[in-house]
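Heads up, the thing below is written out as structure tokens.
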Amino acid sequence: RATQMDNIILCVAELNERKGQKYLLEAYKLVQEKIPNTKLVLVGEGPARREYEKMARAAGPNVIFAGQQKNAAEFMAASDIFVLPSVREAFGLVLLEASAVRVPIVASNIGGISEIIEDGKTGYFVPPADSHALAEKIIYALQNPSEIELVVRQAEQRVREKYTAEEMAKNTVRVYDEALNGL
């Protein structure tokens, strides 16, 4: 983590409209008003980078574009909260990585994300494309460390139990069996 006083908010995703960083940048401006000692780190590259860099200048001085990184887990381990503000998302594998390194998660309640996150138990949901709800949930997570400790422990346990290679292989076989039996 940056310093004892800094709160690091992290998003690891392609810089693309469907990943919703636009709403995170808008939310970050609100977070800064309540908790000024925060930094927002965006890991990834993509077609919306220039637009997001312009938005970042308006959001405040503490937005860092880290570009493409090979080991996002190191960034996750150094952050205080992980945010995936997608407006379209199939599964959100990156959320499993964040859970495995015990980083609290705030994510849009869309697509397969609900298969990974149980709201209030293993992370927090916000409606997609809602900057105000996103800011409120980030602020809540940063201001409630004792609740967050329980949430990250439950998230890590869920990942270790449900998303092992063996469990994922069993589920893949089950899907194929169902598909073949339906023919």
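For every residue, the table says whether it meets (1) touching a helix residue (DSSP H, G or I) at 6+ places or on another chain (Cβ under 6 Å); (2) among the hydroxyl-bearing types (Ser, Thr, Tyr); (3) open to solvent by 10 Å² or more (accessible area, probe 1.4 Å).
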site	(1), (2), (3)
91	no, no, yes
94	no, no, yes
107	yes, no, no
121	yes, no, yes
130	no, no, yes
140	no, yes, yes
147	no, no, yes
160	no, no, yes
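Evaluated against (1) surrounded by fewer than 18 Cβ atoms within 10 Å (Cβ to Cβ); (2) within 17 Å of residue 159 (Cβ to Cβ); (3) in contact with a Lys or Arg (Cβ under 9 Å, 6 or more places away or on another chain), residue 116 falls short on exactly one condition, (1).
Here's the yes/no breakdown for (1) buried (at least 19 other Cβ atoms within 10 Å of the Cβ); (2) touching a residue at least 24 places away in the same chain (Cβ under 8 Å); (3) of a type in the set (D, E, K, R):
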position: 6; (1), (2), (3): no, yes, yes
position: 11; (1), (2), (3): yes, yes, no
position: 31; (1), (2), (3): yes, yes, no
position: 34; (1), (2), (3): no, yes, yes
position: 46; (1), (2), (3): no, yes, no
position: 61; (1), (2), (3): no, no, no
position: 75; (1), (2), (3): yes, yes, no
position: 79; (1), (2), (3): yes, yes, no
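Would it be correct to say that residue 15 is within 16 Å of residue 98 (Cβ to Cβ), touching a residue at least 24 places away in the same chain (Cβ under 8 Å) and of a type in the set (A, V, I, L, M, F, W, C)? Here the answer is no, as residue 15 does not meet what is asked. Scanning segment 81-128 for residues that are within 15 Å of residue 27 (Cβ to Cβ) and touching a residue at least 60 places away in the same chain (Cβ under 8 Å) yields a total of 9. Just to be sure, is residue 52 buried (at least 18 other Cβ atoms within 10 Å of the Cβ), farther than 18 Å from residue 105 by Cα and modelled with pLDDT of 95 or more? Considered against the rule, which asks whether it is buried (at least 18 other Cβ atoms within 10 Å of the Cβ), farther than 18 Å from residue 105 by Cα and modelled with pLDDT of 95 or more, residue 52 comes out as yes.
The values are calculated or read from the model by the stated rules, or taken from the named source; none is laboratory data. Here the structure is a predicted model, which means the values were calculated and not measured. As a convention, Cβ positions derive from the backbone with ideal geometry for all residues, glycine included, and neighbour counts pool all protein chains shown. Ligands, DNA and RNA are stripped out before the accessible areas are found, and what is left, the full protein with its side chains, is counted by its heavy atoms. Shrake-Rupley method; radii C 1.70, N 1.55, O 1.52, S 1.80 Å.
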